[in-house]
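Quick notes on the structure that follows.
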Amino acid sequence: MKKISFFILIMIFEFLGTSFKVQGKYDLPIIKNKAFQRGEKLTYNLHYGFIDAATATLSVTNEKVKFSNRETYHVVGVGKTNGITDWIFKVRDRYESYIDEKALVPWLFTRRVNEGGYIINQDYIFKRFENKVKTEKNNTYHISDNMQDMISAFYQARTFDFSEIKIDDEFSIDCFMDEEVFPVKIIFKGYENIKIELGKIRCMKFIPLLQTGRVFKKEDDLSFFISDDKNHVLIKAKADILFGAIEVELIEHQGLIRPLKTV
């Protein structure tokens, strides 16, 4: 069950260019980022019913690591179980992504998963100027210009311009994971005031299109709420699964570019 819970959390984080030729070789597009900065840290609680099952953090470190002489954001995502759930089904997950500072596409993605003894170790090296990605299995795949990983997709989506968004507008972004390309599609469903411990936040509600029958009963059983400001922070997510309900809620934040607006 906790494995599925973390899968849902990562899907939420998965929520959410074209190439140009300069002097004979490909350059990368420039995407304006007014949503996040180095030093930002978001902390979430994952609830299963009345149980505080796990915590997760997403941190943009203060490092400035370069790939192909381009500066990157180093983002680290960590998830772990708490209390009795840690004793029943211990989870220790760590995801890292090095995201191009200007193009907001990944250069390197690493995944270290240990969920009840189930181990996943992945390393994806993105060759951006060749539109290729190489995996730890030494397999190479051709990818699109704007291909994302499980972490970078969340951060690039935060930079989207939602100023003229309308009900049922659909957004799509391609994500490379488990050596496959997953087209993530999300539909805007309106505005809601979401109450959390940090206050009441005006949010935009999105529903991703999901595969039914395995974990979810219906395509709209997962919904998430993004702050209706320029931060575009994930405030809360709800998932109705085949054997219960899961909620993810923001409980702490640090280093936001601007204050989180409350109603």
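Points to keep in mind about this one:
- Tally, over the range 98-123, of residues that are out of contact with any Ser or Thr (no Cβ under 9 Å at 6 or more places or on another chain), in a strand (DSSP E or B) and loosely packed, with under 15 Cβ neighbours inside 10 Å: 3
- Every condition in (1) within 19 Å of the chain's Cα centre (by Cα); (2) more than 27 Å from residue 106 (Cα to Cα); (3) surrounded by fewer than 16 Cβ atoms within 10 Å (Cβ to Cβ) is met by residue 200 except one, and the failing one is (1).
- Qualifying position, being touching a helix residue (DSSP H, G or I) at 6+ places or on another chain (Cβ under 7 Å) and of a type in the set (D, E, K, R), among 93, 86: 93
- Residue 116 satisfies every condition listed in (1) modelled with pLDDT of 95 or more; (2) at positive phi except (1).
- Residue in the range 157-174 that is part of a strand (DSSP E or B), over 14 Å from the mean Cα position of the chain (by Cα) and surrounded by 13 or more Cβ atoms within 10 Å (Cβ to Cβ) present: yes
- Scanning the range 20-45 for residues that are modelled with pLDDT under 95 and either under 15 Å from residue 81 (Cα atoms) or outside any loop (DSSP other than H, G, I, E, B) (or both) turns up 20, 21, 22, 25, 26, 27.
- Screening the range 220-263 for residues that are surrounded by fewer than 19 Cβ atoms within 10 Å (Cβ to Cβ), among the small types (Gly, Ala, Ser) and at pLDDT below 95 and picking the one that is farthest from the chain's Cα centre (by Cα) gives 244.
- Of all residues in the range 124-149, those that are under 17 Å from the mean Cα position of the chain (by Cα) and not in a loop (DSSP other than H, G, I, E, B) total 2.
- Verdict on residue 149 being surrounded by fewer than 15 Cβ atoms within 10 Å (Cβ to Cβ), modelled with pLDDT of 95 or more and in contact with a strand residue (DSSP E or B) (Cβ under 9 Å, 6 or more places away or on another chain): no
- Taking every residue in the range 186-199 that is of a type in the set (Lys, Arg) and pairing it with any residue that is surrounded by 14 or more Cβ atoms within 10 Å (Cβ to Cβ) and assigned to a strand (DSSP E or B), at least 6 positions away or on another chain, the pairs with Cβ-Cβ distances below 7 Å are 189/205; 189/206; 189/207.
- Unique match (being at pLDDT 95 or above, over 26 Å from residue 233 (Cβ atoms) and of a type in the set (A, V, I, L, M)) among 125, 201, 194: 125
The values are calculated or read from the model by the stated rules, or taken from the named source; none is laboratory data. Worth saying up front: this structure is predicted, and the values here are computed from it rather than measured. All Cβ positions, glycine included, derive from the backbone under ideal geometry; neighbour counts span all protein chains shown.
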